[in-house]
Amino acid sequence: MHLLFFAPIWAASAAVAAPAADPAQMPGPLAGVGAVVPYLLIFMVIYLLVVRPSSQQRQAQQAMLQGLKKGDEVITSSGVYGRIVSLEEKVAVLEVADKVRIRLLRDRIASLATLPAQK
């Protein structure tokens, strides 16, 4: 019984200890590169599908925020429509109704918009 248990271990250690007779079967200097290729492909796919589009969207948002000017109609990230009354470096003042003004952080402006048609 003991020989049957140790026989596979002995055979495996004998195969490892014996040098390969054929030079074509010996691992070359680039043998480990094949294992890295799938990880590189996965990284490239994640970059192209996730990182790059969000980076482009962030750049477009920054460009929109830099191009804001007095009188633009905007929508805030909370969904409030308003017209820009004044702009500072980090703060914008919006007029949301007659004589109703709110101050908010400039980066909370989500997009340029036109007010919906009033009835």
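The values are calculated or read from the model by the stated rules, or taken from the named source; none is laboratory data. Note that the coordinates shown come from a computational prediction; the quantities given were computed from them, not determined experimentally. Note that we place each Cβ from the backbone using ideal geometry, even for glycine, and neighbour counts take in every protein chain shown. The protein model used for the area step is the full one, side chains on, heavy atoms only, and it has no ligands, DNA or RNA in it. Shrake-Rupley method; radii C 1.70, N 1.55, O 1.52, S 1.80 Å.
Name the single residue, out of those in the range 45-82 being over 15 Å from Arg106 (Cβ atoms) and not in a helix (DSSP H, G or I), that is nearest to the chain's Cα centre (by Cα).
This residue is Gly79.
Does Leu104 count as open to solvent by less than 50 Å² (accessible area, probe 1.4 Å) and part of a helix (DSSP H, G or I)?
Values: open to solvent by less than 50 Å² (accessible area, probe 1.4 Å): yes; part of a helix (DSSP H, G or I): no.
Against the criterion (open to solvent by less than 50 Å² (accessible area, probe 1.4 Å) and part of a helix (DSSP H, G or I)), Leu104 does not qualify.
Checking the conditions here, which among Ala113, Ala117 is over 18 Å from Arg58 (Cα atoms), touching a Phe, Trp or Tyr at 6+ places or on another chain (Cβ under 8 Å) and either modelled with pLDDT under 95 or open to solvent by less than 100 Å² (accessible area, probe 1.4 Å) (or both)? Quick ask: steps written out before the conclusion?
Details: Ala117 fails: touching a Phe, Trp or Tyr at 6+ places or on another chain (Cβ under 8 Å).
After ruling out the rest, the residue left standing is Ala113.
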